[in-house]
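Peer 1: I have a structure here, written as structure tokens, and I will follow up with some questions on it.
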Amino acid sequence: PRTVGFDSFEGIPASLDIPPYVWVIDDRVEELPSATVKGSAHRRKEGGGFWREGDAGPSFRHDAILPRIGQVSARFIRQEHPGTGPPFFLYVPLTAPHTPWLPGEEYRGSSEAGHYGDFVVHVDAVLGEILAAIEDTGQSENTLVVFTSDNGSHWPTSDTERWNHAANGDLRGQKADIHEGGHRVPMLVRWPGRVQPGTVSDETVCLVDWFATCRSIAGADEAAEAGEDS
């Protein structure tokens, strides 16, 4: 991320089910991937959550990553942008509810929709941690928050029947399908004073549109030759 304009970065180099399993700070790994972890089967196959075998840092734990992302994000706001400096842009690509499904112990059994539902509850808690940091630093009134997803849930009809829960609502299909259930996702926006609570828009939006939107909000040159598909 630092090669494309971000000032700092903390996170993992890929999806949490793809090695190497390491935590990266800026452009360095926290630990060299000198260990190896065995692969894990999907929850649907009575596995630990699904991840591929591969190299890993000696102390890397899959279930510790989502909580750490929340902690790092809140710390960034509270310590580096406590409301007294310039505006900030924080991009938080969560590892959940993508595989591996690893809800924290305090969230297990909370959803009545299995590991996946519990993991979504855990996601809510992480988002709440970030929102609390924004509010505690007095920035909730002038901060634009966008919460969305890159694709629909991987939730076959058998899961809907088993858990009596339709993760993609009434849309046909799921992740990797051509149908709307694979591509039409929730997008929630909070911007006090600019977006009225309870507002609903039926306009078609694609995630690439946010590039031009953010550029416009920031007052950047609209004629700049960047984000031509936005």
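The values are calculated or read from the model by the stated rules, or taken from the named source; none is laboratory data. It should be emphasised that the depicted structure is a prediction, and the values quoted were computed from it without experimental measurement. Backbone-built Cβ (ideal geometry, glycine too); neighbour counts: all protein chains shown. Only protein heavy atoms, including side chains, enter the accessible area calculation; ligands, DNA and RNA are left aside. Shrake-Rupley method; radii C 1.70, N 1.55, O 1.52, S 1.80 Å.
Peer 1: For Thr84, tell me the accessible area in Å² from a 1.4 Å probe, rounded to the nearest 10.
Peer 2: Probe radius 1.4 Å; accessible area of Thr84 about 130 Å².
Peer 1: Once label points are set 7 Å from the Cα along Cα→Cβ at both Val146 and Glu30, what is their separation, rounded to one decimal in nm?
Peer 2: Taking the two extended label points, one gets 2.8 nm.
Peer 1: By its C-alpha gyration tensor, with a ≥ b ≥ c as the square roots of the eigenvalues, how is the chain shaped: rounded for a/c under 1.5, else prolate for a/b larger than b/c, else oblate? Could you put the intermediate results ahead of the total?
Peer 2: Numbers: a/c = 1.61, a/b = 1.20, b/c = 1.35.
Judged from the Cα gyration tensor, the chain comes out oblate (a/c at least 1.5, b/c at or above a/b).
Peer 1: Between Ala125 and Ile18, take the C-beta separation as r, use R0 = 25 Å, and let me know the FRET efficiency to the nearest 0.05.
Peer 2: 0.50
Peer 1: Can you give the relative contact order of the stretch 70-139 as a percent, counting alpha carbon pairs under 8 Å and 6+ residues apart? Could you put the intermediate results ahead of the total?
Peer 2: Working: 59 pairs, mean separation 29.3, N = 70.
Reported relative contact order: 42 percent.
Peer 1: Can you sort Phe60, Phe50 by solvent-accessible area, 1.4 Å probe, largest first?
Peer 2: The residues order as Phe50, Phe60, largest area first.
Peer 1: Next up: Any chance you could check the Cα centroid distance between the stretch 82-150 and the stretch 179-193 for me, in angstrom?
Peer 2: 15 Å
Peer 1: Placing +1 at every Lys and Arg Cβ and -1 at every Asp and Glu Cβ, with all other atoms neutral, what dipole size does the chain have around its Cα centre, in debye to the nearest 20?
Peer 2: Taking the Cα centre of the chain as origin, the dipole is about 560 debye.
Peer 1: Quick one: go through the stretch 1-42 and flag any residue whose amide nitrogen is under 20 Å from the point 7 Å out along the Cα-to-Cβ line of Glu225.
Peer 2: Flagged as within label range: 4-5.
Peer 1: Quick check: net charge around His183, other residues with Cβ under 12 Å of its Cβ, Lys/Arg +1 and Asp/Glu -1?
Peer 2: Neighbour charge sum, excluding His183 itself: 0.
Peer 1: Taking only protein heavy atoms and a 1.4 Å probe, what accessible area per residue, in Å², does the stretch 1-142 have with all protein chains in place?
Peer 2: 57 Å²
Peer 1: What are the residues whose amide H is under 5 Å from the amide H of Trp155, where those residues sit 5 or more places off or on another chain and H is modelled from the backbone?
Peer 2: When sequence neighbours closer than 5 places are left aside, the close amide H contacts are Lys175.
Peer 1: Just read off the accessible area of Val195 with the full protein assembly in place, 1.4 Å probe, to the nearest 10 Å².
Peer 2: 50 Å²
Peer 1: Can you give the charge dipole size of the stretch 118-211 about its Cα centre, rounded to the nearest 20 debye, using +1 on the beta carbon of Lys and Arg and -1 on the beta carbon of Asp and Glu?
Peer 2: Computed about the Cα centre, the dipole is about 140 debye.
Peer 1: Next question, about the same structure. To the nearest 10 square angstrom, how much accessible area does Arg75 have with a 1.4 angstrom probe?
Peer 2: Probe radius 1.4 Å; accessible area of Arg75 about 90 Å².
Peer 1: Just to verify a number: FRET efficiency for Phe88 and Glu161, C-beta to C-beta distance, R0 = 35 Å, to 0.05?
Peer 2: That pair, Phe88 with Glu161, gives E of 0.20.
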